[in-house]
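Below: the structure, in structure tokens.
The values are calculated or read from the model by the stated rules, or taken from the named source; none is laboratory data. Everything numeric here is computed off the predicted structure, so don't read it as measured data. For neighbour counting, all protein chains shown are included, and Cβ atoms are generated from backbone atoms with ideal geometry for every residue, glycine included. Ligands, DNA and RNA are excluded from the accessible area calculation, which covers all protein heavy atoms including side chains. Shrake-Rupley method; radii C 1.70, N 1.55, O 1.52, S 1.80 Å.
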Amino acid sequence: MKRNHFSRRSFLTASATALGAAVLGRPLILSGAEAESTAANSKLNLALVGCGGQGRGVMKGLLSGGANLVALCDPDPAMIDKARTDALNSGGDATKDAKTYEDYRRLLDNASSFDAVLIATPDHWHAPLCKAFMKAGKHIYCEKPLTHSVAEARELRELSRTCNVVTQMGNQGSASASLRRCTEVIQAGALGQIREIYHWGVGVTANEGSAEGEDPVPEGFNWDLWVGPSAMRPFKRDVYHPFRWRSWFDFGNGGLADICCHAINLPMRALELGYPERIVINVHDGKQTAGKAAVEFHFPARGSLVPVALHWQGSGTPAAEVLQPLVDVYKDKAPNGLMIIGEKGCIYTSHWNTGGLIRLNGEPRLKDVLHHDATKDIPETLPRNANHGQEWLDACRGQGKTFSDFDIGGKLTEIGLAGVVGLRAGQNLDWDGEKMKATNVPEAARFVRREYRTKWLT
């Protein structure tokens, strides 16, 4: 196949958060299922599946939080070597005995040797791996987005309700005091009714098909296994692996899929968003309509809460009046991120919902939401936990629950990937989220569910 090239974008990567001790006790209002746990004071035996940069970064944090690395799994031995080096540098000599696996199925054959799995492969492998290890009774931390398709996200949500394991999706901003305080402030009504949300600084396009040409597969690299459930294609150096896979729909889904589980996290929680009822696409033939958001998510009213439009700007930016509160502070260096506009004020956060700033009507400028006089008396209703990974480790040991379990993470993924369905279909969608169906575009169904190549599946 020839490549159908939309356009390339600069991909943002969040550096892994260093893990520290959990703070302020057990979570109080969390949705994670109770699960069998490792003894509270024991080491959690951890397997890393997907040894690229993101996996290694999260692994180092989990090791500093008390996990014991026992296995490294990746079809590329070069990635395993890097992970072992990083583990030795951060976890001491004990990690030198971690066993290595090319094929995750051989790791499953040795399931008694580990308690939990960190999954940090490209997106197209997330769902098959999560299913296999959850069914084997293993606790799972999976990087975002939770899955590669809407239907996979629904399947993992449902599976997580019946498997007695601890799950956490890797949208690390969930643990930030910023996200939790912004949620409390919004739910207390400090901004009034909210009708408009804007996100900017992350594009949406990716490539259909495959790259032209072929290069020799590096020695020892099982390219067939890396491609896994996706359509096979020739290896091409510096096109798919490492990391560039995200710009190909067969392996990732572009910037919207990459960042949606970070950026939409706060709005979904604070505004109790369900599924969007309409998705408007303003990207056609790889070009975004000037003055329009790349993707518009239109959410219906929820009880006393009014309908909300979330504008994913893609390669564009919001109108000047939306950005003005940031310009007042940063002048011509206003950062990218998320702006929530209410009747009584606004809140800005980074892509990861960290660094929250608030300005109520009549106030001169944005201020740190954690140190805002006018909202300081709004009570803290959510638990505080300094670290996303530590929260998962603690939950695996029976100490509290996770804040971004697969039910929450799966719902976020479903919302974001519904936008990807619209982008790939090239049409506006009347979206029935419960049925995972575009009622006006039946041909979009092929982007809701994937067809697997089964050679490497359990």
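Annotations for the structure displayed:
- Entry remark, the stretch 358-374: residues being in a strand (DSSP E or B) and of a type in the set (Lys, Arg) number 2 in total.
- Exclusive hit being surrounded by fewer than 23 Cβ atoms within 10 Å (Cβ to Cβ), in contact (Cβ under 8 Å) with a residue 40 or more places away in the chain and either hydroxyl-bearing (Ser, Thr, Tyr) or farther than 20 Å from ASN282 by Cβ (or both), set PRO234, PRO218: PRO218
- Across the stretch 92-105, the qualifying residues are those that are over 26 Å from the mean Cα position of the chain (by Cα) and open to solvent by less than 50 Å² (accessible area, probe 1.4 Å), and the one among them that is modelled with the highest pLDDT is ALA98.
- If you go through the stretch 276-313 and keep only what is more than 19 Å from GLN193 (Cβ to Cβ), part of a loop (DSSP other than H, G, I, E, B) and open to solvent by 50 Å² or more (accessible area, probe 1.4 Å), you end up with ASP285, THR289, ALA290, GLY291, LYS292.
- Within the stretch 195-243, considering residues that are within 19 Å of the chain's Cα centre (by Cα) and under 21 Å from GLU102 (Cα atoms), the one modelled with the lowest pLDDT: PHE243
- Hits in the stretch 56-74 (condition: within 23 Å of the chain's Cα centre (by Cα) and of a type outside the set (A, V, I, L, M)): ARG56, GLY57, LYS60, GLY61, SER64, GLY65, CYS73, ASP74
- Residue match in the stretch 413-431 (condition: part of a strand (DSSP E or B), of a type in the set (A, V, I, L, M) and touching a residue at least 24 places away in the same chain (Cβ under 8 Å)): yes
- Some residue of the stretch 394-410 being of a type outside the set (Phe, Trp, Tyr), free of Cβ contacts under 8 Å to residues at least 40 places away in the same chain and outside any helix (DSSP H, G or I): no
- Any hit, the stretch 289-296, residues being in contact with a Leu (Cβ under 6 Å, 6 or more places away or on another chain) and at pLDDT 95 or above: no
- Among the numbered conditions (1) open to solvent by 10 Å² or more (accessible area, probe 1.4 Å); (2) in a loop (DSSP other than H, G, I, E, B), the only one that LEU323 does not meet is (2).
- Within the option set ALA438, ALA386, ALA445, being more than 28 Å from ALA120 (Cβ to Cβ) and surrounded by fewer than 20 Cβ atoms within 10 Å (Cβ to Cβ) holds for one residue only, ALA445.
- Among the residues making up the stretch 106-144, those that are farther than 11 Å from VAL49 by Cβ and either within 16 Å of the chain's Cα centre (by Cα) or basic (Lys, Arg) (or both) are ARG106, PRO122, ASP123, HIS124, ALA127, LYS131, LYS135, LYS144.
- Within the stretch 248-275, the residues that satisfy the criterion of being in a loop (DSSP other than H, G, I, E, B) and of a type in the set (D, E, K, R) are ASP250, GLU272.
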